Each structure stands twice: as C-alpha cells, then as structure tokens.
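Trainee: Before I ask anything, here is the structure I am working with.
The values are calculated or read from the model by the stated rules, or taken from the named source; none is laboratory data. Remember, it's a predicted structure, so these values are computed and weren't measured experimentally. All Cβ positions, glycine included, derive from the backbone under ideal geometry; neighbour counts span all protein chains shown. Ligands, DNA and RNA are stripped out before the accessible areas are found, and what is left, the full protein with its side chains, is counted by its heavy atoms. Shrake-Rupley method; radii C 1.70, N 1.55, O 1.52, S 1.80 Å.
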Amino acid sequence: MQNDIFMAGPWITDFEEKFVLDALRNGWYGKNAYAYVEKFEYEFANYHDRKYSLMTPNCTTSIHLLLAGLGIQDGDEVIVPECTWIASAAPITYQRATTVFADIDPINWCIDPIAMEEKITSKTKAVIVVDLYGNMPNMDVLQSICDKHQIYLIEDAAESLGSKFKNTRAGKFGIASVFSFHRTKTITTGEGGMLLMDDENLYKRCKFLRDHGRAPGTYFNTEITFKYMPSNLAASLGYAQFLRIEELVAKKRWIWQKFKESFIDLPDIYLNPEPEGVVNSVWCTALVFGKSHSVTKDYVMNELNRLGLPSRPFFYPLTSLPAFGSKSEEGRINSPIAYDISERAINLPCAFNVNEEQIKLISETIKLVLKNVHKNMVNK
C-alpha cells in the first residue's frame, strides 16, 4: 500500500485526532452538543468575510437548502454550467424548477458570461456559478449580468476553498455560496457542507428549513421541511482541518506546480489556469490535451489504467448524462466548448499523500502514451 497512488484523499494528522477525541468524549450534552458546529460555522464565515454560515451534511444539501430558502420552485429556471459535478444542478430538480445549461469558457472552464446571458429569460431566477477544480471565473462580469437582469448569483465554491479573485476569497461572491467537505476535498469532515451568506432574512429562513421547520429549542413545527442538521463529531474534524487551511492549500498548489514542471517540455497541453488577479487553490489538477495530440480522455485513461495508474475523467457535460435525458446532440450545438474540452481532458491524482516521485511517474507515463500515439500516426 505504501507505493500505491491514490486519486484523492485527505491529510489527517494527530492534530485532528485530538479534536475528534474531544468531541467523542465531551461533545454530547448541553452547550457542548453543537459546540464544534457553532465554532466551525462562525470562524469559517469570518474567514470568508461572510456574516452567516450554516453547516450541512454535504454540499448538495447546502445548495438545496439555499434554493428552497430563495423560494425557487415550479416554473422557475436556474442556469448552470454544462461541465460540473451533478450535485451543482440536482437540487434544482428537487425544487421542481427547470435546469438550463450554458457553455463554459475555454480558458478557465467555468461558465461563460456570454453563453450565460443568452440563456436568461423572464423565468430565470438564479445562476449557479461553479469554481471548477479551484479555477475562478470573472466574477465582476458575472455579477454585473445578474444585477442587470435582477437574478441571483449563487457561487458553488465546493472545489475552490482557498482560491481568490482580485484578493477576494472564493465563497464571498453572490447572494450565497456553498462549500464541500467530502472525503476528496481540501478539508474534510468525511461528508459535509457549508452555506455562507450575508442576508439576515435568508439566513433565518435557511436555518429554519434546516431542522424540520421548527424554531430553535422548540418541538412545534410550522412547516414540513428538511433534516439537514450536521454532526458535532464531523464538525470537530472539519474545524481542526480548517485550522490547517493554509498548509492544506499550499500542498494542493504544490501538486499542481510539480505537474506543471513535469510537463513544461510538452507542448499543447493545458493545466488549471491562474490568470492575473487570481489565486488558484487547485483542489484537483486537470489536464486538457491540445488537439494536436489527437487523443480522447477515454483513450488516455484506458492506457493509464492498463499501466496501473489512476486518473479520472474531466466532468462530463450534464446534457450528455442519462440523468438529464442524454441530450448530447442538442448539447453539442448549445455548448460546443464544454463537449470539446470534456472529451480531451482528464483529472490527475490529487490525494494529499501523492509525492514527487509519483507525480514524475504519472507525467512520464502520459508523455509515453502521447509519444506512442504520434508514432502510430506517423507510421500510418
């Protein structure tokens, strides 16, 4: 197991164990029952310059809670980028609203402002902007469009903890933002999420919806709502991880930098961008193969798997999935960039225990795969 390369996984130390052990021993009664939840919420919000924070069982429930709190319902439309994990969009369906898909930007892989604006109708209530793989879109332009059309901008920052746009942390943009603490994310609670916002009324509404529609401390329910309360035990792990946030983000950026160095001599490939004014926390290093290499993600992934090395596909366009009707033909017309990039891109191992030797092995193997492709092309 020592030499195995894992695709993703956390960095847990003795420091975290002390907090979790304290929660196990002392975090069950009276004011201690949610002490770590409240501490985590308060300091996480403060770190992101947000006024309010609600921890949830996972990021998907954070998005669902927010959409419900905003009153998104039947007849409403919510725009999402074509390339993202399904969790960004699934809660729209939970609320019986209509999901509208917009193409992505070819450089930052996040929602394209022009494509987004073209999808806005009189029924549009919100757009969910995803900071894909830690990348940051031009939030100024996106917010301006949303203000112009009087719709909500929701920031899905699940993958961008530690990223910045113009010195503002990911998680500060829009009416509200959400984070993920999944096992694979930069900080983890095992499963977990966080919802951040500045609007007091929205906060109170979401907090009410989070715990079966009851006022705090009462057992008198006025609505049938959700059970999205977090665990104090999970929060103890998340809080301890959060106290190490700078160290954890630095390791993610180190992995990205080492891959960049390894591929510096290989033309026409593209890793997570970091344009001027952006700090990319690079939750996961993604690699887009330029068209000159004439490869698909499936081909490269199959070759890596054959050689015993892990990889994952760049997110599939949502319209290509059976979950959304397998509308690939329509999707290619409406979102050609998303389909094109997704077919030529993979995710590289981003587990915290990946080392420099393993990064070099993965990089050299990919180079060898590409070399063999070019050699076969010449021989034909």
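Trainee: Select from the range 188-205 the residues that are open to solvent by 10 Å² or more (accessible area, probe 1.4 Å) and either in a loop (DSSP other than H, G, I, E, B) or over 11 Å from residue 176 (Cα atoms) (or both) and list them in ascending order. Talk me through it step by step, then tell me what you get.
Mentor: Taking the range 188-205 first, the residues open to solvent by 10 Å² or more (accessible area, probe 1.4 Å) are 189-191, 198-205.
Hits for the range 188-205 are 189, 190, 191, 198, 199, 200, 201, 204, 205.
Trainee: Next up: Looking at the range 294-313, can you tell me whether even one residue there is surrounded by 14 or more Cβ atoms within 10 Å (Cβ to Cβ), of a type in the set (Lys, Arg) and touching a residue at least 60 places away in the same chain (Cβ under 8 Å)?
Mentor: Yes, some residue in the range 294-313 is surrounded by 14 or more Cβ atoms within 10 Å (Cβ to Cβ), of a type in the set (Lys, Arg) and touching a residue at least 60 places away in the same chain (Cβ under 8 Å).
Trainee: Restricting to the range 43-81, and then to whatever is under 14 Å from the mean Cα position of the chain (by Cα) and open to solvent by less than 20 Å² (accessible area, probe 1.4 Å), can you tell me which residue is nearest to residue 335 (Cα to Cα)?
Mentor: Here is the first cut: in the range 43-81, the ones under 14 Å from the mean Cα position of the chain (by Cα) are 58-63, 80-81.
Then keep just the ones that are open to solvent by less than 20 Å² (accessible area, probe 1.4 Å); that gives 59, 61-63, 80-81.
On the way: 59: 26, 61: 27, 62: 27, 63: 24, 80: 12, 81: 9 Å.
Only one residue tops the list, namely 81.
Trainee: Of the numbered conditions (1) over 13 Å from residue 237 (Cα atoms); (2) under 21 Å from the mean Cα position of the chain (by Cα); (3) not basic (Lys, Arg), residue 11 satisfies every one except a single condition; which is it?
Mentor: All conditions are met except number (1).
Trainee: Right, something else. Can you spot a residue in the range 309-316 that is within 25 Å of residue 99 (Cα to Cα) and among the aliphatic types (A, V, I, L, M)? Talk me through it step by step, then tell me what you get.
Mentor: Keep residues of the range 309-316 that are within 25 Å of residue 99 (Cα to Cα), which gives 313-316.
Next, from what is left, pick out any that are among the aliphatic types (A, V, I, L, M): none.
No, the conditions are met nowhere in the range 309-316.
Trainee: Being more than 26 Å from residue 4 (Cβ to Cβ) and either surrounded by 13 or more Cβ atoms within 10 Å (Cβ to Cβ) or within 25 Å of the chain's Cα centre (by Cα) (or both): is that true of residue 320 here?
Mentor: Working: more than 26 Å from residue 4 (Cβ to Cβ): yes; either surrounded by 13 or more Cβ atoms within 10 Å (Cβ to Cβ) or within 25 Å of the chain's Cα centre (by Cα) (or both): yes.
Yes.
Trainee: Any idea which residue in the range 242-289 is surrounded by the fewest Cβ atoms within 10 Å (Cβ to Cβ), counting only those that are among the charged types (D, E, K, R) and either closer than 23 Å to residue 190 by Cβ or touching a residue at least 12 places away in the same chain (Cβ under 8 Å) (or both)? First the steps, then the outcome.
Mentor: Step one: filter the range 242-289 for residues among the charged types (D, E, K, R), giving 244, 246-247, 251-253, 258, 260-261, 265, 268, 274, 276.
From what's left, either closer than 23 Å to residue 190 by Cβ or touching a residue at least 12 places away in the same chain (Cβ under 8 Å) (or both): 244, 246-247, 251-253, 258, 268.
Numbers: 244: 16, 246: 9, 247: 11, 251: 17, 252: 22, 253: 19, 258: 18, 268: 11.
Filtering first and then ranking leaves 246.
Trainee: So which residues in the range 104-135 are of a type in the set (A, V, I, L, M) and either open to solvent by 10 Å² or more (accessible area, probe 1.4 Å) or without any contact (Cβ under 8 Å) to a residue 40 or more places away in the chain (or both)? Let's see the steps before the verdict.
Mentor: Residues of the range 104-135 that are of a type in the set (A, V, I, L, M), as a first pass: 104, 107, 111, 114-116, 120, 126-130, 132.
The answer is 107, 111, 114, 115, 116, 120.
Trainee: Still on this structure, I have one more. Within the range 141-153, can one find any residue that is open to solvent by less than 10 Å² (accessible area, probe 1.4 Å), of a type in the set (Gly, Ala, Ser) and modelled with pLDDT of 95 or more? Break it down stepwise before answering.
Mentor: First pass over the range 141-153, keeping only residues open to solvent by less than 10 Å² (accessible area, probe 1.4 Å): 142, 146, 153.
Narrowing the set further to residues that are of a type in the set (Gly, Ala, Ser) leaves none.
Scanning the range 141-153, I find no residue that is open to solvent by less than 10 Å² (accessible area, probe 1.4 Å), of a type in the set (Gly, Ala, Ser) and modelled with pLDDT of 95 or more, so the answer is no.
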